[in-house]
1. Give me the residue from segment 97-117 that is touching a residue at least 40 places away in the same chain (Cβ under 8 Å) and touching a helix residue (DSSP H, G or I) at 6+ places or on another chain (Cβ under 8 Å) and, out of that set, nearest to residue 55 (Cα to Cα).
2. Of everything in segment 97-140, what is surrounded by fewer than 13 Cβ atoms within 10 Å (Cβ to Cβ) and not in a loop (DSSP other than H, G, I, E, B)? Give them in sequence order.
3. Identify the single condition in (1) more than 22 Å from residue 48 (Cβ to Cβ); (2) modelled with pLDDT of 90 or more; (3) buried (at least 19 other Cβ atoms within 10 Å of the Cβ) that residue 94 does not satisfy, given that it satisfies every other one.
4. For the list (1) open to solvent by less than 40 Å² (accessible area, probe 1.4 Å); (2) free of Cβ contacts under 8 Å to residues at least 40 places away in the same chain; (3) farther than 20 Å from residue 128 by Cβ, I need the number of the one condition that residue 11 fails.
5. Looking at (1) within 19 Å of the chain's Cα centre (by Cα); (2) in contact (Cβ under 8 Å) with a residue 60 or more places away in the chain, which is the only condition residue 40 fails?
6. Could you list, in sequence order, the residues of segment 17-35 that are part of a helix (DSSP H, G or I), surrounded by 15 or more Cβ atoms within 10 Å (Cβ to Cβ) and out of contact with any Phe, Trp or Tyr (no Cβ under 8 Å at 6 or more places or on another chain)?
Amino acid sequence: MQSTALPPLLTTLDAALDATGAPFLELANTGITEMQIAATLEAAGLGPAPIELYEWFQWHNGSREVPGRWGAEMVGPGFWTLFSLEDSLADRARWMETWPPGSEMPWDPSWLPIAGGGQQNRLAILLRTSTTDHAHVGFWAMGNGQDVDAMQTAERSLADVVTTWLRALRERYVWWDETHQAWDMDGTATRPEFRLYS
């Protein structure tokens, strides 16, 4: 399988998160193989997936929450907990059960959540519109006055998402607060380019 621009960005993201002092790498699962990903997707009835999706789960197959260390497992920009591929498929199934086709807020079967922000917010791959190489990424927000009735396309590739995360860290829009052992962010400025990640 050929490579995209994503793997070196993910390596850079690991280094950038580590440099903040955040314990993300300590709580990130090791990646899984291309064969494992392909077999799991096939068993779930999901067709060809973009190369970036394979690269994503080869990077880290989710991150682990640890009691007493809330937020330590998160990728700071956006405060996302990464899902393992198995958790992604289970989460997708729960949304589809909650809102089956034809319901008021349908969950499209081609949406595969890859990260969660609390109970309601999701970053998901839009498999139906993705290309062979690039995974289109959407954002789903429920509650807190942000109700949406469809997945909103955020980025045209996972590489774009990671590039935005790196920029947010570099510009200290978000940072790891060592004293409180938690992510913090600049609450004084509205930055449209970071709207989906912070």
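The values are calculated or read from the model by the stated rules, or taken from the named source; none is laboratory data. A quick note: this is a predicted structure, and the numbers were derived from the prediction, not measured. Methodologically, a virtual Cβ is constructed for each residue, glycine included, from the backbone with ideal geometry; neighbour enumeration extends over all protein chains shown. Side chains included, ligands, DNA and RNA excluded: accessible areas come from the protein's heavy atoms. Shrake-Rupley method; radii C 1.70, N 1.55, O 1.52, S 1.80 Å.
1. For segment 97-117, the residue satisfying everything is 114.
2. 97, 98
3. Unmet condition: (3).
4. The number of the failed condition is (1).
5. (2)
6. Quick first cut of segment 17-35, residues part of a helix (DSSP H, G or I) only: 17-19, 24-27, 34-35.
When the remaining residues are screened for being surrounded by 15 or more Cβ atoms within 10 Å (Cβ to Cβ), the result is 17, 24, 27.
Across segment 17-35, the qualifying residues are 24, 27.
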